[in-house]
Every structure is written in structure tokens, then in C-alpha cells.
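The values are calculated or read from the model by the stated rules, or taken from the named source; none is laboratory data. Worth saying up front: this structure is predicted, and the values here are computed from it rather than measured. As a convention, Cβ positions derive from the backbone with ideal geometry for all residues, glycine included, and neighbour counts pool all protein chains shown. Side chains included, ligands, DNA and RNA excluded: accessible areas come from the protein's heavy atoms. Shrake-Rupley method; radii C 1.70, N 1.55, O 1.52, S 1.80 Å.
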Amino acid sequence: MNPAVFEVQDLTVRFGGVTALDGVSLRHDSGGVVGLIGANGAGKTTFVNVLSGVVRPARGRALLDGHDLTGLPPHLIARAGLTRTFQNLRLFGSLTVLEHLLVPYGARRHGRQRALTLLAEVGLTGTESRHPAELAYGEQRRLELARALALDPRVVLLDEPLAGLAGSESDELMTLFGRLRDGGTTLLLVEHDVPSVLRISDRVLVLDRGRLLADGTPAEVASDPEVRQAYLGDDDVRD
Ligand SMILES: Nc1ncnc2c1ncn2[C@@H]1O[C@H](COP(=O)(O)OP(=O)(O)OP(=O)(O)O)[C@@H](O)[C@H]1O
């Protein structure tokens, strides 16, 4: 069997007496958008934190293309092809927009041109010399995304990328996610906006108190009685 794009085996994370992830195992073999939903405290951010190297699991493994990432620091995981955005933006106040992207591109060939191209892709052309504090909130979110996209990762983890965005801004980002997916990037989308997740995802995972409650197509997950009872309100799943 070919290695999965990403895979977790028996992933278990504890914070003191709290079990944030409880033996989660799954593999994702193709690209596309994988939605990850669940109530507050279900373990979604912890899942992203383990895959991206921010949190070490008590048990289990995380793999990217068959390579064990468990315990590697975030910068090596990023270099291996898995990057992320943060729920609370982590931009550098002293760097300009362009400099944010020149950091990952470093001395690479055509780094500056590639950075400018990427800024155009996320709709930030014209903001190159500004600092994060001079950007609108939606622009800051797009800069965070652009930084995660530098160096052409194979997998990007998006932790609540739509939080705090107006409807039109979040529509634009969803369109961009669709383009990235079509370009072959695998996206793992953690999001409280369930209708958006169901609309864009090829596969939806539902976490409930650290366990994988459901895993299927958006239609399968939206009609799963256990999911509806544990998590989804009827309003959330209506078209
Ligand atoms: N650093 C930490 N220290 C202690 N407990 C933590 C820590 N991080 C997460 N937890 C706990 O682990 C559980 C899972 O949290 P996590 O943030 O992964 O959930 P989530 O599904 O992302 O929630 P939300 O939707 O509210 O962001 C929660 O009970 C949370 O309080």
C-alpha cells in the first residue's frame, strides 16, 4: 500500500487529568479538503498541534507521506511539507508583509518573485511594505495563510481560518481554498462554521471528547444520528 498523505496511529494526548485526544487513528490517502469539526474542547486544535509538532503525544504516531513526524520540531515538519496557520494570528509586528514571506524563501532562487506571486494569489498585492498593524483583520489572516503556503507544502492545516471574518471575506478565502485544493494541496480545515466545512470538504472528521466520532463524506456526516445528537444542531446542517 502507498503511504498515506498523512496518517495518525493511536494518537493520545493528555494535559494533566484531561485526555485531549484518546487513541485517534486515521489515514488520508488522497488530496482534497478534510474538514475537522467538533464541539469546543473536542480536541481539534490539539490534533493540529500534534501534527505540526507543537504538542508531543503521550502515545501514538503522526506520519506524513510515510515519514514519522512524531516529536520533530515544527520547523522540520514544515520543511518536510506540512505547515499550518494559527487560530490566534502569529505575525511579526516588526516585519513588512513582503518580509514575512522572504523569511521562509530565504536565499532560494527567485525567492522575492515567488513571494510577490504568492501575495498576488492571496489578494495582498499593494500591501508589500506595510506592517501587520496597518492591515485589516482579513488581510492579516491572508498573510498568515500566505506564510503557510510559502515553500509549496503538501499539507496545510488551517485552524479556524474564517474566525472573525465578514461573509464576503470568508467567501473569498473559501474560493482560495478551492483553488489550492485544485492545485494539489491537501488542506485540513478546522472550523466552527459547519455549513462552510460541509460545503467545501471532500471528507469530514468529527471529534467528540478526544475520540473520532464520525468520518465520511459531508452528506454521510451531516446525516449521522450520533453526530447530530452529539454536536450538530438541525440549523447547522440545513442547506
Ligand atoms: N495546553 C493545554 N493545557 C491544558 N489543557 C489543554 C491544553 N490545550 C488543550 N487543553 C484541553 O484539551 C481539551 C481539548 O482542547 P482543544 O483546544 O484541542 O479543543 P478544540 O476542539 O480545539 O476546542 P475549541 O473549538 O474550543 O478550540 C480541552 O479540554 C482543553 O481544555
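At a probe size of 1.4 Å, how large is the accessible area of Arg59, to the nearest 10 Å²?
Roll a 1.4 Å probe over it and Arg59 shows about 110 Å².
What list of ³J(HN,Hα) values in whole Hz, one per residue of region 39-47 in order, does the Karplus curve 6.51 cos²θ - 1.76 cosθ + 1.60 (θ = phi - 60°) give from phi, with Gly and Pro shown as x?
Whole-Hz 3J(HN,Hα) from phi for region 39-47: 5, 3, x, 6, x, 5, 5, 4, 4.
Counting Lys and Arg as +1 and Asp and Glu as -1, what is the net charge of the other residues whose Cβ lies under 12 Å from the Cβ of Thr12?
Here the charged neighbours net out to +3.
Once phi is turned into θ = phi - 60°, what whole-Hz ³J(HN,Hα) does the Karplus curve with 6.51, -1.76 and 1.60 give for every residue of region 122-129, x standing for Gly and Pro?
In residue order, the calculated couplings are 9, x, 10, 4, x, 9, 3, 9 Hz.
Taking the Cβ-Cβ separation of Arg61 and Arg179 as r and a Förster radius of 35 Å, what is the calculated FRET efficiency to the nearest 0.05? Intermediate values should be presented prior to the final figure.
Numbers: r = 32 Å, r/R0 = 0.91.
Computed FRET efficiency for Arg61 and Arg179 comes out at 0.65.
Report the full-extension gain for the segment Ser168 to Arg199: residue separation times 0.36 nm, less the Cα-Cα distance, to one decimal in nm. Mind dumping the intermediate values first?
Details: separation 31, 0.36 × 31 = 11.16 nm, distance 1.57 nm.
Roughly 9.6 nm would be gained on extension.
Return, ordered by residue number, the residues of region 67-99 whose backbone nitrogen is under 13 Å from a label point located 7 Å along Cα→Cβ of Val54.
Of the residues in region 67-99, 74-75, 83-91 have backbone N under 13 Å from the label point off Val54.
Using a Debye calculation, one point per C-alpha and no hydration shell, please list log10 I(q)/I(0) for region 121-239 at q = 0.21 Å⁻¹ in order.
Taken in order of the listed q values, log10 I(q)/I(0) reads -1.22.
Which distance in Å, rounded to a whole number, links the C-alpha centroids of region 117-195 and region 6-83?
Cα centres, region 117-195 to region 6-83: 21 Å.
Between His131 and Arg211, with labels modelled 7 Å along Cα→Cβ, what's the label distance in nm to one decimal, could you check?
5.0 nm
What does the accessible area of Leu89 come to, in Å² to the nearest 10, when a probe of 1.4 Å is used?
Surface accessible to solvent at Leu89 totals approximately 40 Å².
By how many degrees, 0 to 90 and rounded to 10, does the Cα axis of helix 137-149 deviate from the longest principal axis of the chain?
90 degrees
Leaving out ligands, DNA and RNA, and with a 1.4 Å probe, what % of the accessible surface on region 90-151 is carbon or sulfur?
Answer for region 90-151: carbon and sulfur cover 52 percent of the accessible area.
Might you tell me the accessible area per residue for the chain, computed with a 1.4 Å probe and given in Å²?
Working: 11250 Å² over 239 residues.
With the other protein chains kept in place, the chain gives 47 Å² per residue.
Which net charge results for the neighbourhood of Ser170, defined as the other residues with beta-carbon distances under 12 angstrom from its beta-carbon, given Lys and Arg at +1 and Asp and Glu at -1?
It works out to a net charge of -3.
Test of understanding: what is the full-extension gain from Arg14 to Arg109, defined as 0.36 nm times their sequence separation minus their Cα-Cα distance?
Net length gain for the segment: 29.9 nm.
Where the only charges are on Cβ atoms (+1 Lys, Arg; -1 Asp, Glu), what is the dipole of the chain about its Cα centre, to the nearest 20 debye? Mind dumping the intermediate values first?
On the way: 26 positive and 31 negative charges, 216 e Å.
Around 1040 debye, computed over the chain.
Of the residues Ser25, Ser201, Ser52, which exhibits the maximal mean-square fluctuation in a Gaussian network model of the chain defined by a 10 Å Cα contact cut-off?
Per the Cα network of the chain with a 10 Å cutoff, Ser25 tops the list.
Note down the magnitude of the dipole of region 90-151 about its Cα centre, charges +1 on Lys and Arg C-beta and -1 on Asp and Glu C-beta and zero elsewhere, to the nearest 20 debye. Walk me through the intermediate numbers first.
Details: 9 positive and 6 negative charges, 52 e Å.
Charge dipole of region 90-151: 260 debye, to the nearest 20.
Can you compute the modelled spin-label distance between Phe92 and Met1, with each label point 7 Å from Cα toward Cβ, in nm?
A separation of 4.1 nm, rounded to one decimal place.
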